[in-house]
Amino acid sequence: MQTEIKFAGFGGQGILLSAKLLAYAAMKQGFFVAWVPSYGPEMRGGTAYCTVVISDKRIGSPIIKNPSHLVAMNRPSLEKFANDVKPGGVIFINSSLIPTRSERDDITELIVPANDIATKAGSIRAANIVALSAFVAKTKIVDLELLKNCVKNEFAAKAKIIPLNMKAFDEGVNSANNN
């Protein structure tokens, strides 16, 4: 089993962090993992994307042209990468910033207003956690509780924002279950 996920959005949306958290959870679950970030020179506001490859066997190449899934946090990312996703995959669409859809009928769309949910949870900066937890709840790529613990560990040095991220995590899971 090998699964490839492309996370994409603007720099500053937590794209690389989301991908890193998924990679950590997969490693803790015993999978082989590759994490390949890519971003322009203007990290905040520029385009950022990251590919995570998760496999039960050694990974031959971390470079993936056609990922199994896509987490699109903004419209340019959806437009650029949606057609690359393999049939049968999941495309997460942050409907707070993306008013369109992928126009594909061979994939599953997970449409979640991640920015709106994060704002209601306490901070728009948690939109990436909403997206990550919703995506994992839908795809079941890794164990949700294990992922939740990885999020807690990531923010251990900033203990005061852990409750916000846990609320965002739970709301993301709820949005996937209601989708």
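Details
- Amide H partners (placed H, <5 Å) of residue 110, local residues excluded: 91, 92, 93
- Of the trypsin sites (Lys or Arg not before Pro) in segment 32-129, those whose Cβ has at most 14 other Cβ within 10 Å and which sit in DSSP loop: 44, 57, 58, 65, 101, 104
- Translational diffusion coefficient (Stokes-Einstein; Kirkwood radius from C-alpha pairs) of the chain at 20 °C, 1.002 mPa s, in µm²/s: 135
- Among residues other than residue 175 with Cβ under 15 Å from its Cβ, the summed charge is -1 (Lys and Arg +1, Asp and Glu -1).
- The stretch between residue 80 and residue 108 holds 8.3 nm of extra length on full extension. This uses 0.36 nm per residue minus the Cα-Cα distance.
- Sites listed here are GluC sites (Glu not before Pro) in segment 1-110 whose DSSP assignment is loop and whose Cβ has at most 14 other Cβ atoms within 10 Å: 42, 103.
- Cross-linked pairs 120/158; 120/152; 65/152; 65/148; 140/167; 80/148: Cα-Cα separations exceed 22 Å for 65/152; 65/148; 80/148.
- 3J(HN,Hα) along segment 124-132: 4, 5, 8, 4, 5, 6, 4, 4, 4 Hz, from the Karplus curve 6.51 cos²θ - 1.76 cosθ + 1.60 with θ = phi - 60°, whole Hz, x for Gly and Pro.
- About its Cα centre, the dipole of segment 5-86 is roughly 140 debye, where the only charges are +1 on Lys and Arg Cβ and -1 on Asp and Glu Cβ.
- Within segment 2-177, antiparallel bridges make up roughly 60 percent of the DSSP beta bridges whose residues both belong there.
- Test item: Cα-centred dipole of segment 2-177, Lys/Arg +1 and Asp/Glu -1 on Cβ, debye: 440
No lab work stands behind these numbers, since they all come straight from the coordinates. Quick caveat, the model's predicted, so the values are computed rather than measured. Please note: Cβ atoms are built from the backbone with ideal geometry, for glycine as well, and neighbour counts cover all protein chains shown.
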